[in-house]
Amino acid sequence: MLAGGINLIAIGASTGGFDALEAILSQFPADAPPVVIAMHLKPGIPKLFASRLNGISRLVAKEAETGDVLKAGHVFIAPGWMHMTVINRAGRLEANCFSGEKVNHVAPSADVLFESAAIATGKNAVGVILTGIGADGADGLLKMRASGAVTIGQNEDTCMVYGMPRVAKERGAVMHELPLDKIADKILTT
């Protein structure tokens, strides 16, 4: 848990997200709060990306499965074409992965993940929206902000595509808009 009582980091990304996530997660210490990620990926890709993250960061990354306990020092990536939510079971956070209707034309959806984080963790979370096309994540990030969570959006200059963070900013969901190289430090000092 970080100094501010943060027990979850929820991240949404799409186009350009691999590089952005690598830049952020490679700076995290081995005891960072659990990280949950929704990216717009096909089946098989989350497992490959987790393997890559395991080689460049101090964290243990995996494709999420229903029932995974969200532990410090671990990264959980939503399975391809499946949504992921965070469930609070008597203070223990768990992943729940399921097939369902697309949200914002995508699955997994950052909105689905962020909305569940707002319910499961309230103010004890950080929500981050990174480079990507479309509006996915904006409404969910706004719900995280309303629940008291700290919310961060990647700035236009460092985005491959300034779509998702732009819409989130326009809807009032972003508390801190930062260049990519400042996001990890902001998360870790929250």
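General observations
- In sequence order, segment 78-95 has phi-based couplings of 4, x, x, 6, 10, 7, 10, 10, 10, 10, 9, 9, 6, x, 9, 8, 10, 8 Hz under the Karplus curve 6.51 cos²θ - 1.76 cosθ + 1.60, θ = phi - 60°, and Gly or Pro positions carry x.
- For the chain, the number of Lys pairs with C-alpha atoms closer than 14 Å, counting only pairs eight or more positions apart or on separate chains, is 5.
- Per residue, segment 41-190 exposes 45 Å² of accessible surface when a 1.4 Å probe is rolled over the protein heavy atoms with every protein chain present.
- Under-5 Å amide H pairs with ASN155, H placed in peptide plane, nonlocal only: LEU178, LEU180
- Rounded to the nearest 20 debye, dipole of the chain from Cβ charges on Lys, Arg, Asp, Glu: 320 debye
- Taking every DSSP helix (H) stretch of at least 4 residues in the chain, weighting each as -39,500 (n - 2.57) and dividing the sum by the residue count yields a mean residue ellipticity at 222 nm of -9000 deg cm²/dmol.
- DSSP beta bridges in segment 31-146 [antiparallel fraction, %, rounded to 5]: 55 percent
- Between amide H atoms placed 1.01 Å from N, distances below 5 Å from LEU93 occur with LEU70, all of them 5 or more places distant or on a separate chain.
- Cα centroid of segment 15-57 to Cα centroid of segment 119-185, whole Å: 17 Å
- Just the protein heavy atoms count here, and of the accessible area of the chain at 1.4 Å, carbon and sulfur take up 53 percent.
- Pairs of alpha carbons in the chain separated by more than 20 Å make up 45% of all such pairs.
The values are calculated or read from the model by the stated rules, or taken from the named source; none is laboratory data. From a predicted model like this one, the values you see are computed outputs, not experimental measurements. As a convention, Cβ positions derive from the backbone with ideal geometry for all residues, glycine included, and neighbour counts pool all protein chains shown. Areas reflect the complete protein model, heavy atoms only, side chains present, ligands, DNA and RNA absent. Shrake-Rupley method; radii C 1.70, N 1.55, O 1.52, S 1.80 Å.
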